[in-house]
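The values are calculated or read from the model by the stated rules, or taken from the named source; none is laboratory data. Quick caveat: nothing in here was measured; it's all calculated off a predicted structure. Cβ coordinates were reconstructed from backbone atoms using ideal geometry, including for glycine residues, and neighbour counts include every protein chain displayed. Surface accessibility is based on the protein's heavy atoms, side chains included, excluding ligands, DNA and RNA. Shrake-Rupley method; radii C 1.70, N 1.55, O 1.52, S 1.80 Å.
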Amino acid sequence: MTAVLSPATPLVHSLARGATELPLIEQTLGAFFDAMVARQPEHEVLVSLHQQRRYTYRALQAEVHRLASALLGLGLEPGDRVGIWSHNNAEWLLTQLATAQVGLVLVNINPAYRTSEVEYALNKVGCKALVTMARFKTSHYLGMLRELAPEWAHGQPGQLEAQQLPHLHSVIWIDEPGQGADEPGLLRFSELLARGDAADPRVAEVGARLQPSDPINIQFTSGTTGFPKGATLTHRNILNNGFFVGECMQLTAADRLCVPVPLYHCFGMVMGNLACLTHGSTIVYPNDGFDPLAVLQAVQDERCTALHGVPTMFIAELDHPRFAEFDLSTLRTGIMAGSPCPTAVMERVVRDMHLTQITIAYGMTETSPVSCQSSTATPLDKRVSTVGQVQPHLEIQIVDPDTGAVVPVGERGEFCTRGYSVMHGYWDDPHKTREAIDAEGWMHTGDLATMDAEGYVNIVGRIKDMVIRGGENIYPREIEEFLYRMPAVQDVQVVGVPDEKYGEELCAWVVVKPGQQLTEDAIRAFCKGQIAHYKVPRYIRFVEGFPMTVTGKIQKFRIRDEMKSQLGLAETPTA
């Protein structure tokens, strides 16, 4: 365990460096996983409850190698991009590990994306293959893909051609035994897996040529320009971050981590999957999507020792009418992250869910993701009022946004971090990469923070105008750009307003073109099926104009304040 200790002498300036006692892992994910399998082949690694599947480390490795062989059989080569558009399941983890084994770059696509968003994501990074769910609740993923690529109806698997998706040649849909009719032009996941050979020598040959610094993962993070950027992460980035996150929780092979958070985020993929795989622990998926009852049942039945979640998930579990029926006494630790945690919620989680050693983590996709985390030994008052201290092998500083100078302890400034966790860059966007990472290697987060004399960090606001709704990062500019497409919209501004359940909700102020008419229902109908549900503004107001400075700059904080007053909303006290 590499607990981050308080500095021997109180800090004067807001600059801190993490511990370095444990060395960084200088292996690829595939090599590290194979070594862990050799250490404990018969230990249980994955329980996917909704699929009624269990895997030992050895059994998972065989499936991973088989899938890696099959992906090579599709003609994919190291560096090629493979998208995954799915909620949580065993196939997600198999794809994550198989792509890593042979140097393919896994591209995480949010299951809430709709046609225009998935088209952009697939084309931005040039995905040659896509693994996707067939459908989930009201989302028909194959239907959306066929809407974009009707040519596939007459295509051959592995040789797909479509005008709107010119790079994508293979689509693999995740099937369950006996599920559904065949899909013309598309491959079943089970069929692809059957094509592979777990002993294929090409897998080891390709793996031996890979380097820890090779890109392995792309995650989309929306930008203020309205177009998502592909944060590109390496083996070294995410393998080490998963390891040190697990160290903060003191994970061992005896731990069983319940992962209800989505795998398409770093929270599930790195802080869940990789935290476990780097410690020989067991991963438990309670369901494909979040269901508080399924989480409670999973923790009890699988005797989970750890549980992840964003605050809204923990609230849903605590407030479930059947909460008292479940034995959660095996719980010890986990991570609460994604958005600020109300102090009262943290106190209930510790008291009522037995999570006495739960930790708080802070970071961003571009930093793999965690830069700061509390440890199991962090005093409760620090856990409910800060995001912890700097992670090992990283540096953090709080700087004046205007001058770049490190501010004294206690003063607010922009949070910056440097070290192994900083991304490879934004995919095919050197300009945006240079804007985010300065010449000295510091990643500028856009978050406003303070640091105390012991090195504990508190996030106090955002320079960027990002909104965090239930753990989802939303950039208003993206929604504004989308709403500008409506013929009747002359101008629009989107802000976040406080919300008791989700932390924040979206509010749009809309100026309608002269002589045109527009309703709230028409705006919501325009959004439906085109952008993710969580990006659709909850509050819509029609206005004549926006509050501005004398130089014509729109004052979003005044829009936010006006809506808080109109709606009677108050800021929720947060940790």
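So the values come out like this:
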{"read-out": "The chain - charge dipole about Cα centre, Lys and Arg +1 at Cβ, Asp and Glu -1, debye rounded to 20", "value": "340 debye"}
{"read-out": "Partnerless cysteines, meaning none of the other Cys C-beta atoms lie under 4.7 Å away, in the chain", "value": "127, 248, 266, 276, 341, 372, 416, 507, 527"}
{"read-out": "Kirkwood-type radius of the stretch 1-117, with distances r between different C-alpha atoms, in Å", "value": "17.3 Å"}
{"read-out": "Residue-span extension gain [residue 20 to residue 501] - 0.36 nm each, minus C-alpha spacing", "value": "169.2 nm"}
{"read-out": "Equivalent ellipsoid semi-axes - Cα gyration tensor, the stretch 182-231, angstrom", "value": "31, 23, 6"}
{"read-out": "Förster radius 41 Å - calculated FRET efficiency between residue 329 and residue 181 (Cβ-Cβ, nearest 0.05)", "value": "0.35"}
{"read-out": "Under-5 Å amide H pairs with residue 188, H placed in peptide plane, nonlocal only", "value": "173"}
{"read-out": "Gained length - residue 227 relative to residue 380, 0.36 nm times residue gap less alpha-carbon distance", "value": "51.1 nm"}
{"read-out": "Three-way shape label, the stretch 352-399, alpha-carbon gyration tensor, a/c 1.5", "value": "prolate"}
{"read-out": "Over the stretch 317-397: Rg over Rh, Cα atoms, Kirkwood Rh", "value": "1.02"}
{"read-out": "Relative contact order computed over the stretch 11-70 (Cα-Cα under 8 Å; 6+ residues apart), in percent", "value": "22 percent"}
{"read-out": "Spatially close lysines, pair count over the chain: Cα under 19 Å, gap of eight or more or interchain", "value": "16"}
{"read-out": "Intensity falloff of the stretch 141-228 expressed as log10 I(q)/I(0), Debye formula with alpha-carbon point scatterers, at q = 0.20, 0.21 Å⁻¹", "value": "-1.08, -1.09"}
{"read-out": "Helical mean residue ellipticity (222 nm; -39500 (n - 2.57) per DSSP H run of 4+; nearest 500) of the chain", "value": "-8000 deg cm²/dmol"}
{"read-out": "Residues of the stretch 128-143 with amide N under 15 Å of the 7 Å Cα→Cβ point at residue 528", "value": "138-140"}
{"read-out": "Accessible carbon and sulfur surface of the chain relative to its total accessible area, %, 1.4 Å", "value": "51 percent"}
{"read-out": "Mean shadow area of the stretch 368-425 over all directions, Cα convex hull, nm²", "value": "5.0 nm²"}
{"read-out": "More than 19 angstrom apart: percent of Cα pairs within the stretch 404-465", "value": "37 percent"}
{"read-out": "Share, in percent, of DSSP beta bridges within the chain that are antiparallel, nearest 5", "value": "60 percent"}
{"read-out": "Histogram of C-alpha separations across the stretch 394-440, 10 Å bin width, %", "value": "24, 46, 26, 4"}
{"read-out": "Label point distance in nm, residue 402-residue 208, each placed 7 Å from Cα along Cα→Cβ", "value": "6.0 nm"}
{"read-out": "Pairwise FRET efficiency - residue 347 versus residue 395, Cβ, R0 = 30 Å, nearest 0.05", "value": "0.40"}
{"read-out": "Table column - 3J(HN,Hα) (Hz), the stretch 506-518, Karplus curve with 6.51, -1.76, 1.60, x for Gly and Pro", "value": "8, 10, 10, 9, 10, 9, 8, 4, x, x, 9, 10, 8"}
{"read-out": "Selection from 121, 93, 57, by position along the positive dipole direction of the stretch 42-121 (Cβ)", "value": "57"}
{"read-out": "Where N is the number of residues in the stretch 72-220, Cα Rg divided by 2.2 N^0.38 Å", "value": "1.00"}
{"read-out": "Distance in nm between pseudo-label sites at residue 320 and residue 473 (7 Å out along the Cβ direction from Cα)", "value": "2.9 nm"}
{"read-out": "Whole-number percent relative contact order across the chain, with pairs defined as alpha carbons under 8 Å at least 6 apart", "value": "15 percent"}
{"read-out": "Per residue accessible area of the chain, 1.4 Å probe, in Å²", "value": "39 Å²"}
{"read-out": "Cα-projected label distance for residue 490 with residue 77, points at 7 Å along beta-carbon direction, nm", "value": "5.5 nm"}
{"read-out": "Rounded Å value of the spacing that divides the Cα centres of the stretch 225-272 and the stretch 66-106", "value": "17 Å"}
{"read-out": "Amide hydrogen neighbours beyond the local backbone of residue 341, cut-off 5 Å, H modeled", "value": "575"}
{"read-out": "Computed E for residue 301/residue 438 - FRET, C-beta separation, R0 51 angstrom, nearest 0.05", "value": "0.55"}
{"read-out": "Kirkwood-type radius of the stretch 425-542, with distances r between different C-alpha atoms, in Å", "value": "16.6 Å"}
{"read-out": "P(r), alpha carbons of the stretch 166-293 - 5 Å bins starting at zero, rounded %", "value": "2, 8, 11, 13, 17, 22, 15, 8, 3, 0"}
{"read-out": "Length released on extending from residue 123 to residue 52, taking residue separation times 0.36 nm less the Cα-Cα span", "value": "22.1 nm"}
{"read-out": "From phi via Karplus (6.51, -1.76, 1.60), per-residue ³J(HN,Hα) for the stretch 141-150 in Hz, x at Gly/Pro", "value": "5, 5, x, 5, 5, 5, 5, 6, 9, x"}
{"read-out": "Relative contact order %, the stretch 490-561, counting alpha carbon pairs below 8 Å whose residues are six or more apart", "value": "32 percent"}
{"read-out": "For residue 542, residues with placed amide H under 5 Å, excluding near neighbours", "value": "510"}
